[in-house]
Amino acid sequence: MKKIILTVLSICALTAIASAAVDYKPDSNAPRSAVPNAYKWDTGAVFANDGDWEKAYTAVKKNLDGLQVFKGTLSKAETIKDCLDDYMAVSKMFSRTSLYSTLKVTEDENVEKYQKMKQRSVALANEYNAKTSFIREELMKMDNKTLDSILASPLLDKYREYLKDLLRRKGHILPTEAERVLSLASDNLWAEIDTSELPSDIEMVFKAVLRDIPLPKIKDESGKEVQLTLANYGKYRASKDREVRKAAVAGLFGALRKYQNIFAATLGGEFKRDVFLARARKYNSAIGAYLDRENVDPKVVDNLINTINKNLKPLHRYVDLRKKMLKLPDIHIYDLYTPIVPGISKEYTYNDAAKDIPEALKPLGKEYIGVLSKSILPESGWTDIYPNKGKESGAFCTAIWGLHPFVKMNYMNEIDDASTLAHEFGHAMHSYLNNAAQPYEMAGYSTLAAEIASTLNETLFINYLLNKFKDDDQTRLYLLGEQLEGIRTTIYRQTMFAEFEKKLHELAEAGEPVTAELYNKTYKGLVQKYYGPGFTIDENDEIEWAYIPHFYWKFYVYSYAAGLSSGIAMSEKIMAGGEKGSEQYLAFLKSPAIVPPVEAIKKGGVDLTAPGAIEAAAKKMSLIIDEMERILAKGKQ
């Protein structure tokens, strides 16, 4: 069935709002009404008002009921075509209702009306799954000879490739009663709507336990006693004061240790469930089952892990550089998150970023820049630029086919915000170009491909800034440090997570008993291997796994590492290859959803079944360290 993603969707046409941009100083505590409309996204492009959303919501429910007339009738090409025509129409409208509710609740999470609207959208997604699953089930239960005959009909020309992709996993469909039982077990391998970002029951237990465990009080930089919380943990873990960040990490990890058996049982239960669902559907492994949803061969993950394991020296050099720059006798986990280069005070306004980002991305060609240079402007209606009280933190891009993308920012006029903007517009342009090139039933891309488009933009933008500030060593040092941290946290750390997740699933498949001791031992061994002999492991560091929500996300973390590795490799090919490099990249962005992700990525010049791109990322890390050391040596002269 057509995959509809609840929070990171797809696009098509540029729109504009008439508001003229005015000067505005960002304030995260300001009410949303204080932010000029010129700096807000245009939700009117989705629905003119909440009343229109209600009408569409009602129409979706009605049309889902209408689809049921096709139940039990999908045996002829004509009927299948009529059913898919109606199905595609209702899925498009559902996409709009989901998108609108996401945008409105994001603007101010304290507005109860929009909280309820989002909850209703989630409930509608579950109803959608239940009422459209018969299409897949009836088609998959046909014998191959009958299917081949039906697919040959000219009536299905529009849907032929889509149906072939749908039937790709035909061998893993089960008899009716077995399917019913698995649906009661909340089988997440077959949902029509991708709800992977919605927590499973087990993940909700994990989050509840994590939220409720008592954390100690610590002293902040001024010596004042403060309550450690999950919300402020990141802040204190990154403190310039070593005693503060040490106390923060020790406080959280010590608390996790007391509940380690609960966390082990919770995560172990999730892994056992993954294994059960995979085996029930006749897969050889859990990783094979979950990667097969997006048609990714597990060899991609094996190649990532094996190649990184052979290229750990840059990470070991990173540990030595951090020790040197922070002037520390040793490096612990609590030393990994404080900046090695002090933040720079340069103001970098949104208008600065909107001018520089298209300049930085010029190597991507005229087609790309022609759209980007207009869409990134405030008046395009694509971006909700500044923070306001109640607005969801962070940044994201979300879109649906047939509309322009929507980019959420919390821009505070800092250089890091500009880099984030480049990242999010990588997602936006990927969606825009893909949907402009493909009809609805063929549009879309995998999570693996999505990470490439964003990180490539970010890489090209940082390279542009390094050249822009080529005579400013302090700014260059800061930018290089940020690039270094990106590779450390996104490629090396996420690969370590992927290896941990893979090992633990294999242990579950082998019937190993779930114990905190086993999990601790496995995680500690990986930390020692990855960070090397220059890294010091403390008493409770091995329990860090209990705090990581990514392990409940079903073999997702590898895509971060593979995505950034591919983004770095593609950016270097583009910079070196001229027009050919950009043409390859655009071909990748426009690939139809039915093309396996690894094959689509090959169009961009990267083979994720081979070590080349990952080795290039490791080499890039070494080159960054070389340049930082050169600047540091220059400063001592």
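Quick notes on this one:
- Residue within the range 253-262 that is over 21 Å from the mean Cα position of the chain (by Cα), at pLDDT 95 or above and of a type in the set (Ser, Thr, Tyr) present: no
- Considering (1) of a type outside the set (Ser, Thr, Tyr); (2) without any contact (Cβ under 8 Å) to a residue 60 or more places away in the chain; (3) surrounded by 15 or more Cβ atoms within 10 Å (Cβ to Cβ); (4) within 23 Å of residue 624 (Cα to Cα), the lone condition that residue 471 does not fulfil carries the number (3).
- Looking only at the range 483-531, and only at residues there that are more than 16 Å from residue 548 (Cβ to Cβ) and either assigned by TED's automatic domain parsing to the domain that holds residue 624 or of a type in the set (Val, Ile, Thr) (or both), the one that is surrounded by the fewest Cβ atoms within 10 Å (Cβ to Cβ): 515
- Some residue of the range 285-299 being among the hydroxyl-bearing types (Ser, Thr, Tyr), surrounded by fewer than 21 Cβ atoms within 10 Å (Cβ to Cβ) and in a loop (DSSP other than H, G, I, E, B): yes
- Unmet criterion (only one of (1) assigned to a helix (DSSP H, G or I); (2) of a type in the set (Asp, Glu); (3) in contact with a helix residue (DSSP H, G or I) (Cβ under 8 Å, 6 or more places away or on another chain); (4) touching a residue at least 40 places away in the same chain (Cβ under 8 Å)) for residue 583: (3)
- Test: residue 102 is at pLDDT 90 or above, of a type in the set (Val, Ile, Thr), surrounded by fewer than 14 Cβ atoms within 10 Å (Cβ to Cβ) and not assigned by TED's automatic domain parsing to the domain that holds residue 592: no
- Hey, residue 234 of a type outside the set (D, E, K, R) and under 26 Å from the mean Cα position of the chain (by Cα) or not: yes
- Residues (of a type outside the set (Ser, Thr, Tyr) and under 24 Å from the mean Cα position of the chain (by Cα)) located in the range 121-143: 122, 123, 124, 125, 126, 129
- Residue 323 vs. criteria part of a helix (DSSP H, G or I), surrounded by fewer than 21 Cβ atoms within 10 Å (Cβ to Cβ) and in contact with a Gly (Cβ under 9 Å, 6 or more places away or on another chain): yes
- All of 539, 499 fail the test of being farther than 22 Å from residue 207 by Cα and assigned to a loop (DSSP other than H, G, I, E, B), apart from 539.
- Every residue from the range 189-216 that is modelled with pLDDT of 75 or more, in a helix (DSSP H, G or I) and surrounded by 17 or more Cβ atoms within 10 Å (Cβ to Cβ): 210
- Here residue 338 fulfils each of the conditions (1) under 18 Å from residue 631 (Cα atoms); (2) part of a loop (DSSP other than H, G, I, E, B); (3) not small (Gly, Ala, Ser) apart from (1).
- Residue match in the range 54-66 (condition: outside any helix (DSSP H, G or I) and surrounded by fewer than 12 Cβ atoms within 10 Å (Cβ to Cβ)): no
- Number of the condition not met by residue 279 [criteria: (1) outside the structural domain of residue 606 (by TED's automatic domain parsing); (2) at negative phi; (3) surrounded by 15 or more Cβ atoms within 10 Å (Cβ to Cβ)]: (3)
- Cross-chain or 6+ apart pairs with Cβ under 8 Å, the range 528-556 first and on the phi < 0 side of the Ramachandran plot and without any contact (Cβ under 8 Å) to a residue 24 or more places away in the chain, then surrounded by fewer than 16 Cβ atoms within 10 Å (Cβ to Cβ) and not β-branched (Val, Ile, Thr): 542/521
- Subset of the range 356-391 (residues that are closer than 25 Å to residue 568 by Cβ, in a helix (DSSP H, G or I) and without any contact (Cβ under 8 Å) to a residue 60 or more places away in the chain): 358, 362, 366, 369, 372, 373
- Here residue 327 passes the criteria (1) free of Cβ contacts under 8 Å to residues at least 24 places away in the same chain; (2) on the phi > 0 side of the Ramachandran plot; (3) within 26 Å of the chain's Cα centre (by Cα) except the one numbered (3).
- Criterion: among the small types (Gly, Ala, Ser), at pLDDT below 85 and in a loop (DSSP other than H, G, I, E, B) - qualifying residue of 222, 186: 186
- Top-ranked residue in the range 225-242 [being in a helix (DSSP H, G or I) and touching an Asp or Glu at 6+ places or on another chain (Cβ under 9 Å); ranked as surrounded by the most Cβ atoms within 10 Å (Cβ to Cβ)]: 236
The values are calculated or read from the model by the stated rules, or taken from the named source; none is laboratory data. Computed from a prediction, not measured in an experiment: that's the story for all the values here. Using ideal geometry, Cβ is built from the backbone for each residue, glycine included, and neighbour counts are taken over all protein chains shown.
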